[in-house]
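Have a look at the structure below before the remarks.
What follows draws every value from the coordinates through simple rules; no lab data is involved. Treat the numbers as computed from the prediction; the structure is a model and nothing was measured. We place every Cβ from the backbone using ideal geometry, glycine too, and count neighbours over all the protein chains shown.
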């Protein structure tokens, strides 16, 4: 079972009282939680609670705290994903994948080969945030990932140049290991992944003019949501 977020103010005398309507509905209606079952919870201070349910009603769920400890399910540095918006199903999968990989901030961008227009995306951000939040619960992350408003690639100007890692395949100009050696882990690490058709020649030229780090996923070609997993994992496993 995934864990659920609570407020530390809801803990009294070693019992947790859950009265949030959305959480109640999910636990009682969707998961059909019953007395005697174990339940994992986490609070705003990233403290994990292993509990046992003692009461389930329409108004509250009450659980006895069995064990508490600080959650370690978060990366010790800040990763931002700048990702060209995909078609709806692929975009939902990309956001879920990025969240599971530990990304703290997801910034959707409109690029030259983007499959959808910015006008179509205005109402999507709230849905994307919900997808990310559900992934946080499922993989028991200690913190949420933020979904930023849709923008364009000029957002890269806001970041430290040595911390920008762009997956550019045939235009790669630096080995991943060498690029990682230049990273300052006290600043956000930026991973940039393009659309299904890849970045345009104009965009590659822009990256080269800016002297960004252009890296590669190797010889294989990935669908964009899978490239998110491979790209972020390649970096995370190499960072010390």
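Structure summary
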quantity	calculated
Percentage relative contact order, the chain, counting C-alpha pairs under 8 Å, at least six apart	19 percent
Radius of gyration, Dmax [the chain; alpha carbons; angstrom]	20.4, 62
The range 63-160 - convex hull of the alpha-carbon atoms, volume per residue in Å³	109 Å³
Global form of the range 98-240, assessed from the alpha-carbon gyration tensor, a/c cut-off 1.5	oblate
Distance in nm between pseudo-label sites at residue 158 and residue 110 (7 Å out along the Cβ direction from Cα)	1.7 nm
Neighbour-count order for 190, 53, fewest beta carbons within 10 angstrom listed first	53, 190
Share, in percent, of DSSP beta bridges within the chain that are antiparallel, nearest 5	50 percent
Extension gain (nm, one decimal) between residue 210 and residue 196, 0.36 nm per residue minus Cα-Cα	2.7 nm
Relative packing of 18-28, 158-168, which averages over residues the other C-beta atoms within 10 Å, highest first	158-168, 18-28
Spread of Cα-to-Cα distances over 10 Å intervals beginning at zero, given as percent, for the range 4-70	23, 61, 16, 0
Exposure proxy ranking, count of Cβ atoms within 10 Å, fewest first, for 56, 109	56, 109
Quarter of Cα convex hull surface for the range 128-177, i.e. mean projection, nm²	5.7 nm²
Packing rank of 203-215, 89-101, 35-47, 65-77, where each peptide gets the mean count of other beta carbons within 10 Å, highest leading	89-101, 203-215, 35-47, 65-77
Value of [θ]222 nm, deg cm²/dmol, for the chain, DSSP H segments ≥ 4, -39500 (n - 2.57) each, nearest 500	-7500 deg cm²/dmol
Under the Debye formula (equal points on every Cα, no solvent term), log10 I(q)/I(0) of the range 62-110 at q = 0.16, 0.17 Å⁻¹	-0.58, -0.62
